[in-house]
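Report on the structure given below.
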Amino acid sequence: MTLKCLIIDDKPLAIELLADYTGKIPFLELKATTNNPIEGLEILKNNAIDLVFLDIQMPQLNGLEFISAAPPDLQVILTTAYNEYAIQGYEHDVIDYLLKPISFERFYRAAAKALKAHEKTAITPSLSYFFVKCESKLQKVNFSDIIYVQGLQNYVVIHTRQERIMSLQPLKRIEEQLPAASFVRVHKSYIVAVNAISFIGRGKIHLLDFESTIPIGETFKTAVRKLIRM
């Protein structure tokens, strides 16, 4: 199991150190870094991130305010030079609290703790369905019925072979529940079922037996090529 990580710190040297540590741990995959917590929230909207290494003292939005604005199931390890925030950090249910300067040994122990916590909450891979909240009910959706999922601001539309299902949640939350071998994120607003793809041409995915075409975002081209072995 691999944890997809995001580093947020307003100090370039701190980002460089944490990125170096992350690269030395096989079960961590660094997806992005930023010195701007507002940008960090946008990264979370458009990427499946499991774990954030988060500084506390930052302009615009401090680390604790960031946690309050982030998805509730996001794992967070605080990285800070100030120990007075420790109690507040744990009140926000963070995985660990690392005081700068951070040694690699201490960083590794925190990362291992995050992996253990993630494994406990991981969805069983043998499941062939999941449930989404639609107004006042929970609706069962079979993975095999999904054609594509579209993100629209704060809600998603799941296009299935039978119907369109709307749910008030971010696209990232849906992406985390879909089996990675069967679905591919092709755009910041779209996830496509691999078995629904007919062909790919001119930056668009054409769907098998359906008239819809899905745009491929520039930052998602590598993921598309990797999944379909182009």
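Where strands (runs of 3 or more DSSP E) sit wholly within the range 1-77, those with at least 1 residues that are of a type in the set (Lys, Arg) occupy 3-8, 28-34. Filtering the range 63-103 to residues that are modelled with pLDDT of 90 or more, surrounded by fewer than 13 Cβ atoms within 10 Å (Cβ to Cβ) and of a type outside the set (S, T, N, Q) leaves only Pro101. Within the option set Gln153, Gln162, Gln169, being closer than 25 Å to Val94 by Cβ and of a type in the set (S, T, N, Q) holds for one residue only, Gln169.
The numbered conditions (1) hydrophobic (A, V, I, L, M, F, W, C); (2) farther than 23 Å from Phe27 by Cα; (3) under 21 Å from the mean Cα position of the chain (by Cα) are all true for Ile200 except (3).
Every condition in (1) out of contact with any Leu (no Cβ under 8 Å at 6 or more places or on another chain); (2) at pLDDT 85 or above holds for Thr124 except the one numbered (2).
Of everything in the range 209-224 that's modelled with pLDDT under 90 and surrounded by 12 or more Cβ atoms within 10 Å (Cβ to Cβ), which residue is farthest from the chain's Cα centre (by Cα)? Only one residue tops the list, namely Phe210. Among residues of the range 1-43 being farther than 19 Å from Glu119 by Cβ and either in contact with a His (Cβ under 8 Å, 6 or more places away or on another chain) or of a type in the set (S, T, N, Q) (or both), the one that is surrounded by the most Cβ atoms within 10 Å (Cβ to Cβ) is Thr33. Just to be sure I understand, how many residues within the range 197-226 are among the small types (Gly, Ala, Ser) and either in contact (Cβ under 8 Å) with a residue 60 or more places away in the chain or in contact with an Asp or Glu (Cβ under 8 Å, 6 or more places away or on another chain) (or both)? Qualifying residue count, the range 197-226: 2.
The values are calculated or read from the model by the stated rules, or taken from the named source; none is laboratory data. Just so you know, these numbers come straight off a predicted model, no measurement behind them. Methodologically, a virtual Cβ is constructed for each residue, glycine included, from the backbone with ideal geometry; neighbour enumeration extends over all protein chains shown.
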